[in-house]
Every structure is written in C-alpha cells, then in structure tokens.
Amino acid sequence: MAEAHDRPAESFTIRLRRYDPQSGDAPYWDEHTVQLEPHRSVLEAILQARDRFDGSIGIRCSCRQAICGSCGVRVNGEPSLACHTHLDAAKSSSLRGGVIEIEPMGNMPVIKDLIVDMDAVHWKKIQRVTPWLLAKQPVPEREYIVDKEAMVDVTQTMACIQCGACVSDCLAMEVDPGFIGPAALAKAYRFVGDPRDDQQFERLNDLAQDPQGIFDCTHCFKCVEACPKDVNPMGQIMRLRRVAIADHDIVDVNNGERHEAAFATLVKDNGLLWEAELLPRSYGGNSWFGKFAPPAGKELLSSLPAILKALMRGKVTPMGALKPHRIPAGDLKAVQSIYEKVEGRKERYELNLYITGQDEDPAPAAHAGAIATGGAETAQVTAEQEGSNQ
Amino acid sequence: MPQHDVLIIGAGLAGQRAALAAAQNGASVAIMSKVHPVRSHSVAAAGGINAAISVDDDWHSHAYDTVKGSDFLGDQDAIEVMCSEAPAEVMHLEHIGVTFHRNEKGEMDLRAFGGASMKRTAYVADITGQAMLHVLYEQLMKHHETVERYEEWFTTSLLLDEEGRCAGAIARDVRSGHMEAFTAKNVILACGGAGQCYKPTTNGLIVTGDGIAMAYRAGAPLMDMEMVQYHPTCLVETGILITEGARGEGAHLLNANGERFMEKSAPNKMELASRDVVSRAEQTEINEGRGVGPGGAGIFLDVTVVPRKRTLEALREIVNLGRDFAGVDITREPIMIRPGQHYIMGGVKTDVDGRTPIEGLYAAGEVACVSVHGGNRLGANSLLDTLIFGRRAGEHAADRAASIGPPKLDTAAHLRNDMQRIDEIISRPHDGRRVSEIKSELGEEMNRHAAVYRDEEGLQEALQTIERLREQAAGAWIDDRGTVFNQDVLGALELGFLIDCAQATVLAALERKESRGAQFRTDYPERNDEQWLKHIDVTLHGEQPKVSYSPVTITQWQPEERKY
C-alpha cells in the first residue's frame, strides 16, 4: 500500500484554456509547470499554479475529494472532475506529449476561464423533471416502510453530485440542445425508483411523450464514461424506458416504444438487426406487413432522401434491404436462448452499483490500480430490449 | 435594493433548513451563498445523523451521550432541545425525500457511531450529508416562489442600524462583481465553520469563517473557540476524511505492531470512543514511535474486517476515496490515516432559537455555538445541529419579522465602504506577500500549535505569528483586476476572516488552563471543573479582542469522570 506515498514530486506542465470576458480578447492557452507527486490531482496542479504564478486563474472548487461537484472540466478533451483525475494518468493520456490540457466543460456557455454557466443549461434541465418528491398520501407518522433494496437502488442516482461532466459531452445534447439530458434524467430516476413517490406513471409518461425526453438519448455511453460517481446516467435512462414500457405499457408519440419493440423482435428473429425493416416496423406495426400501413409509408417517403443517400454510398444494397442478414443456425439459436432466458424470468433483473449481488467477490488476481473508474462494474445487467436506440 | 423579512447567509443544511422554515412561517425569505447551494460543505458529511428513533432508545440517552461527549461543557438545556426534537426532524427529512437506508423490515436502519451508547445513526450509505443537502435543495426548487435564491453572492459585511440591530448585509455578485446592500428585518448566519484556518483540514476551500468573523466584527461574542475537533481518520497526505461510519461498521485501528491500541485508552468503546479520545490516542502512538508508513506519521485503519458486501453497500464512498486518493482497496488492505482538523465546536454565541446577543442577528450550524457540542462534538450530531437550530432560527426570525417594521438605515455609506475596500485590495502594488502564501503559513502554524496537543509556549508563538500575518495581510496582493468571477479578491477577504477566527481560537486556547474535550494542554493535563467548567467568550472591543466567561447550563447531568 505504500506505493502511492513514496513517489517524489515531478514536473507537470498544464495547459489551461483561459478566457477573460472583460478583455475583449478571444480565448487563449496559458501554460504553467508545477511540482507535485504523480498521484496528486489535476486540481492540485491548477491550484498550485494559481497560488504561485497567477491568482486570476478561474475555477470553481471546494472539497478536493469529488463530493462537492464544483470542478468539472475537460482534461485532455475528456470531461471529468479536476480533483478526481490523477496527474500521472492525465500526463499519459495527453495528446500533446505529456502536457496536460485543461478546458472548460462543453455544452454550456463559458463565463470565465474554466467556469461555465451551469444555471443556463444544467440546472434548467434539472428543473424540467419536477425534481422533488411527490410523496404518497397520507404521510405516515413515522418513516415510510419501503423495501431495503429499493432505497439502496436509488442511492446510485442520489450519489450524483451535479458536476455536469455528463452534460458536458452528451452527444445528443450537442445535436439537440433541448434534450433533457443525462443528469436530469438520472435525477428523474431518483424519484421514479423511489417507492415513496406517488407519481411514477405521470413522471414516466411525461418523459416518454416529450420528444426531448427519454427516447432522445442515442445510447452513446459518453455520460457513463464521464461520470466520476458511477451514477451511470445512460443506464438510468434505459431503466426509465424499461419501467415505462414494461410496467406501465406507455406507448409514446415519439415512437420510442414501438422502435424498441421492432428492434428487439428483429434481432430475436434474425440474430442481427435487419436495418431496412426497422423504420417501417417502428411506424407501421411490428411485423413484416408493417411497411404497408399508411404511417410507415409516410415515414418511408419522408426518409427517401436519406435512403437514397445511403444507397449511393453503398451503406445499403437493394438485396440487403429485401433480405435479412444471415448468421449460422447455431449462433441464431444462441441469440434466441438469451431471449428465452431473460424473458422467462419472473422479475426484471436489474443490477446496481450499490447492490453487488453476492456476499463475497473473489479477490482480484492483481491489485487494481488507483485510477480505475469502475466503469465495468457499473455496467447494467438488464433484461429486456437493451440495445435499442434511436 | 432587495428587502426581505429574513436574509439567510449560507446555503448548506442549516441555511436551507432555516429558509424553508421561515418561508413556511410566512416570511419573505432570501438565501444567499458564495457558492451554489449544493457545493456547500454540508455535502461532505458522510456518516449519518443521530436521533433516538429506535423503539428501545430514548432521547435522554442521546442527550447524556452528547453531554458526556462534550466533556460536560455543552449547555444541557440546548442539548435537551436538540435531542428531544431529533426524531421528529429526521422523520420530516424522510418525508420530504431523503433516501435513508432501511433494515430488512423496511424501517430506517441505524448504525453505530462514536461515543453513542447504542445504534442511533440514520444514514444514506456514506453520503448522508450529500443526500440531505440535495433533498433540501429539491425543496428550495419546489418553493422557489417563496424563497428567493442568490447563488454565488459573496457577503462582505453585516449591516447594523443606529440602535445596533442587524438590518441586512452587503454582498457582491460573484459573476458580475456588482455590489448591493440587502436590507432585512433579520439576518441568519448559516455559513459554516473556519476549517481553512488549518492546513491540512478535511474542510473544503470555501470554509473560511466568513460568518464567524463578520459577526465578531459586528460585536457578537464568539464562544468555545478553543474547541477544535481533530477527526481520527483522515488520509495521511491530503487530509481527506474517512467517515467514522467505517469504525461504526466495525473497522479497527492498528499501530505499527498491529495492536488495537484503543484498548489502552478506551477499553469498552475501543474505536468508538469519542473523537477527541481517539485522535489523542492516535497522536500518542505516532509521537511515541508506533506509527506506520513514511516517518511513522500514520495509523492503520483496517476495514477488511467488515464483510465486503456490507462495505460496498454502506461505505461505497470511502471505497472510492481509498482507490482514488490513496491507491488502496480498503476491502482488501488497511489504509493509512491520522488525525486531522475537521470541525470547530465554537462559533457565534447563540441561544436555543439561534439568537445572538445582537438583535436581529441569528446563527445556526457550524458558524454558531449554542453550545450543544461543548468540548467535543459526537459524530453524526453536526447534521442534527444544523437542522434543529436552522429550523428554530428560521421560525423565530419569521415570527419576529411579523411583529416589527422594516429596518431604517442609510445603506449607501456601508456599500461605498465595502466597494472601496475591494478596490483597495485590487489596486495594491506587487510588493509584500501573496495572499495564498499568508494563508498557507497561517494553516501550518495553527496545525503546529493549536492542534491535538497544545501548550503555553506554542500558543504564544502562534499568537505572535497571527499578529504578523495580520499585518502582512493588510498589504497582501493579488493578480486579478477584473470584476467577473474575481476569486482572487474574494480570497483576500477570506484571509481576513480566517485571521480573526484563528486569533480568537488561540486566545481562547491560551485562556483555558486545563484539558477538556478537544483542548489538551500538556502543561495542564487534567480537567479542572472547579475553575474551568465555564465557557470562554471572545468579543471584539474596538480593535481589541477581550476574553470573558459565561456559565455552563447544567440541568440533569452533573460532571463526572469521562471513561469510554
């Protein structure tokens, strides 16, 4: 265990994206070299530069232990908390020969240096999801009696520190700034998953019917990677979908539910997605005849330019559109047996960071490094319709 | 000019609770914080909140534990208020949405904590403070029509009217640099402690004693300032806190010989003795050469004795902290810790309704000293303190607002004065020292001489150092000349607050010639109830601090020898 404490200080060069709104100048880069032990954080490097060289470097920070959520930045282009990123890791992920590049987060306007306007984007979106408990009535005299596992389950989203790292690099939000987004939807799950909340259906229906709601997520995993607290925002969005569809039979005007159903059926039948069938089935009904339904025709017609472009670029062939991909019979059987196993379960099986599911995990073969972000640990083991996206 | 019935400065747990209570009682409320409310340092409270909610518990037992934990310096009337109201307050929090962890029956689960005679700490994994703070902020968003929020506004001073009543505050919008006078019938200070007087500290960089110093400058007495809590389990290098919940779940403390040394000083409670006792025992092991790690400066905290599943479920945050900040998997190997500055029991003197001796000025939470913690705060009593006295202050201030007219005062001169003060700092020439250098020296000096063990010589040295730093701070320079997010100039103002708090701490520590709670004087190693069973107050008269005493309120528990 001593390894982390024995290494001497080294030189690290940080390259900061600076912006002074009062100067009239464009943003610029500013480099400083600091002396710190390699397991110290990028925040400590910034603070050393601020304390010793230039007090005007702007960054929000307080706790230095990844709990206050103030110091969200991009390090070498990737969103994270400055206090939660080790210098040695940042140096080795540098795209500039070891120089650590630090920029403000994306998707939010910059106020000064590394400080962004979270009110304008992040907090506005949080307010969109009715972010308070709508408690079941009557309120009991003592506590609500609820399932132990349910409370542990919502702790994962409660653990969100509102740092904005997931918002910073949400690809869907980049294309559609109105998308409610990963942080706010994770916050929504905190209520949807809370057995004391009285409005589970209303919340889900609202978020499913909103064209910028749960079906606007493109399933890119960026937020899962970005989150310093393993909240797994995308996983929470998928859970919102699953609860909406499986528990409440919500069929949304955005075609999200139909799209997922079509996707799942195509993979089940063919072992692989049959792309050409996806759109007509999503709109016209989940069978081969779907394409003859008027809404599918309308949708196909409006997608014609995209279809032609895809044909021209060779992404789709006429034969491929007419026939599904074929995979060996054994493989198809294997895929279908996954469906049988998952759909055959009595209850939907959801894993959560705080619920390990076993009493004693075997010890890892080698001591895990200090920087592991636990991404693999948070992967959701899900039952139905995982893998669909729009 | 914004005008409110109740202006709350600070938006951590105490401030947000006060705001909600005042609004519920019909007051027009503004809550102001130099950071976004969820960044407040309450967020870092990990372990839980104490309340006698179990059917076989009794709030009298909680109160006795708190009195004993305080080394009999706590005011027992205030402790009775806090402990008797705790169960209802915790239930209220549960009802508004805090996701307290449950037992198998679906009731709120309770964990063991230091200095408690039974399990009475409700918790949300080890992010209890964060969960509570975020849930209160949910409520602020819900009640946005009745509570006006001024987020990222830095308060520079309190306003007093001609009769000496508190009537508002001057504040600066951090985003624009715009300064404004806020008048209010009542002001509630809820802006936390002064941990940044120390280096290292578990406290966030924002915890700079702003409220304590502003009240002190306005003439309010500070009480119990000598009582500075060192938390027994902080990471050796960075001072980052490892929750007491770890020991609550069964973790051991080991010295270099692998011995559970707590046997010597607390044979019954072992690792779950009160924090002052554990920190002193650790420091003794380190001082006597039985420490671990480089320079023998640490102690091992062994969490591997806790079942791994339980650790991952209930101590998730410290699994992450160990991994990310010390490179240790705490479920597999012990982690090196040491005592570190964590909390100040002292603060602005208040009664049980949060009232300070200045009319119209209230204080609640770590900024205040009721005194419920006396010489040593029990773990998981600070969250309780913030909520109970935050609520009571909010309610009382709302009631008072209903019975008086709006304050009458001319704010222009005050506003101009604070604007000039800031302009003067910005225009200082670059000779002398940087603000950051002075702050760093102050922290190291306090950690050297006003720590777990203290003596006359060291404290006198600290006092002189503080005087010198005060003079240097008056000319200390900064780089930032802008108005948008000029954190540099705010740092200079914070340094001034810290120096006031540090001076009051050292003066009180020098005054108390005995050992009680967190104050251990190697030159006066015994507790001396005959002479020192009293509070020490520090009040500013003109420029000069004056020390005086006030009695300890004893209701049902006479002082006795403290054994764990």
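Annotation: amide H-H contacts under 5 Å for B:LEU241 (H modelled 1.01 Å from N, sequence separation of 5 or more, or interchain): B:LEU235. Global size of the protein assembly as shown: 28.8, 98 Å for Rg and Dmax (C-alpha atoms, Rg to one decimal, Dmax whole). A Gaussian network model of chain A, with springs between Cα atoms under 10 Å, assigns the largest mean-square fluctuation among A:LEU95, A:LEU332, A:LEU304 to A:LEU304. Among the listed pairs A:LYS91/B:LYS439; B:LYS513/B:LYS546; B:LYS68/B:LYS534, a Cα-Cα separation exceeding 21 Å is found for A:LYS91/B:LYS439.
On alpha carbon coordinates alone, what is the Rg over Rh value for the range A:133-241, Rh being the Kirkwood radius? It would help to have the intermediate numbers written out before the result.
Values: Rg = 14.4 Å, Rh = 14.4 Å.
Expressed as Rg/Rh, it is 1.00.
With charges only on Cβ, +1 for K and R and -1 for D and E, what is the dipole size of the protein assembly as shown about its Cα centre, in debye, rounded to 20?
Numbers: 101 positive and 137 negative charges, 422 e Å.
About 2020 debye.
Distance between the C-alpha centres of the range A:274-326 and the range B:362-433: 66 Å, rounded to the whole angstrom.
Here chain B is treated with +1 on each Lys and Arg Cβ and -1 on each Asp and Glu Cβ, and its dipole about the Cα centre works out to around 720 debye.
Taking the Cα atoms of the range A:43-195, the ratio Rg/Rh between the radius of gyration and the Kirkwood radius comes to 1.06. Panel note: the C-alpha atoms of the range B:444-564, placed on their principal axes, show extents of 58, 32, 31 Å (largest first).
Using Cα centres only, tell me the gap between the range A:92-124 and the range B:3-82 in whole Å. One Cα centre to the other: 35 Å. A helix-only calculation puts chain B at -11500 deg cm²/dmol for mean residue ellipticity at 222 nm, using -39500 (n - 2.57) for each DSSP H run of at least four residues, averaged over all residues. Computed over the range B:228-342, the P(r) tail beyond 20 angstrom holds 33 percent of alpha carbon pairs.
I'd like to know how the range B:419-467 sits against the 2.2 N^0.38 Å rule of thumb: what's its Cα Rg over that expected value? Could the numbers behind the result be given before it?
Details: Rg = 14.7 Å, N = 49, 2.2 N^0.38 = 9.7 Å.
The reported ratio for this selection is 1.52.
Here, the range A:225-362 is characterised by an Rg to Rh ratio of 1.04, where Rg is the alpha-carbon radius of gyration and Rh the Kirkwood radius. Divided by 2.2 N^0.38 Å, where N counts the residues, the Cα radius of gyration of the range B:1-137 comes to 1.14. Looking at the square roots a ≥ b ≥ c of the eigenvalues of the Cα gyration tensor of the range B:138-231, which shape do they give, rounded for a/c under 1.5, prolate if a/b is larger than b/c, or oblate? Oblate shape, in that a/c is at least 1.5 and b/c is the bigger or equal ratio. Cβ crowding within 10 Å, taken as a proxy for footprinting-reagent exposure, orders A:PHE191, A:PHE221, B:PHE325 from fewest neighbours to most as A:PHE221, A:PHE191, B:PHE325.
Quick one: B:MET270, B:MET214, B:MET227, fewest Cβ neighbours within 10 Å first, how do they rank?
On the way: B:MET270 17, B:MET214 25, B:MET227 32.
By the 10 Å Cβ count, ascending, the order reads B:MET270, B:MET214, B:MET227.
Say the dipole of chain B comes from +1 at the beta carbon of Lys and Arg and -1 at that of Asp and Glu; which of B:VAL372, B:HIS101, B:TYR137 then lies farthest toward its positive end? It is B:HIS101. Using a cutoff of 8 angstrom between alpha carbon atoms and counting only pairs six or more residues apart, the relative contact order for chain A works out to 12 percent. Please find the FRET efficiency linking A:LEU272 to A:LYS298, where r is the Cβ-Cβ separation and R0 is fixed at 30 Å, and quote it to the nearest 0.05. Between A:LEU272 and A:LYS298 the formula returns 0.65. Length, then width, then depth: along the principal axes, the Cα atoms of the range B:79-194 run 56, 30, 27 Å. Taking the centroid of alpha carbons for each part, the range B:238-305 and the range A:179-227 are 44 Å apart.
Using the alpha carbons of the range B:50-110, what is the convex hull volume per residue in cubic angstrom, as a whole number? Show your work: numbers first, answer last.
Details: hull volume 5.2 nm³, N = 61.
Roughly 85 Å³ of hull volume per residue.
Each stretch of four or more DSSP H residues adds -39500 (n - 2.57); spread over every residue of chain A, this sum gives -10500 deg cm²/dmol at 222 nm.
Listed values for the range A:26-40 are Karplus-derived 3J(HN,Hα) couplings in whole Hz (6.51 cos²θ - 1.76 cosθ + 1.60, θ = phi - 60°), namely 6, x, 8, 9, 9, 10, 9, 10, 10, 10, 8, 5, x, 8, 6, and x replaces Gly and Pro.
Mean per-residue shielding of peptide B:198-207 is 3, counting Cβ atoms of other chains within 10 Å of each Cβ. Using Cβ point charges alone (K and R +1, D and E -1), the dipole size of the range B:228-342 about the Cα centre works out to roughly 200 debye.
Hey, what's the per residue convex hull volume over the C-alpha atoms of the range A:3-116, in cubic angstrom? List each step's numbers first, then the result.
Numbers: hull volume 11.9 nm³, N = 114.
Convex hull volume per residue, Cα atoms: 104 Å³.
Each residue in B:ILE242, B:ILE499 was given a count of other beta-carbon atoms within 10 angstrom of its own, and listing them fewest first yields B:ILE499, B:ILE242. For A:LYS315, a cut-off of 19 angstrom between C-alpha atoms picks up these aspartates and glutamates, skipping any fewer than 8 places away in its own chain: A:GLU275, A:GLU277.
Would you mind computing Rg(Cα) / (2.2 N^0.38 Å) for chain A, counting N as its residues? Walk me through the numbers on the way to the answer.
On the way: Rg = 24.1 Å, N = 390, 2.2 N^0.38 = 21.2 Å.
Its radius of gyration relative to the 2.2 N^0.38 Å reference: 1.13.
Volume per residue for chain B equals 141 cubic angstrom (convex hull of Cα atoms).
Rule-based calculations on the coordinates, nothing more; no lab input. Computed from a prediction, not measured in an experiment: that's the story for all the values here. Note: ideal-geometry Cβ built from the backbone for every residue, glycine included; neighbour counts use all protein chains shown.
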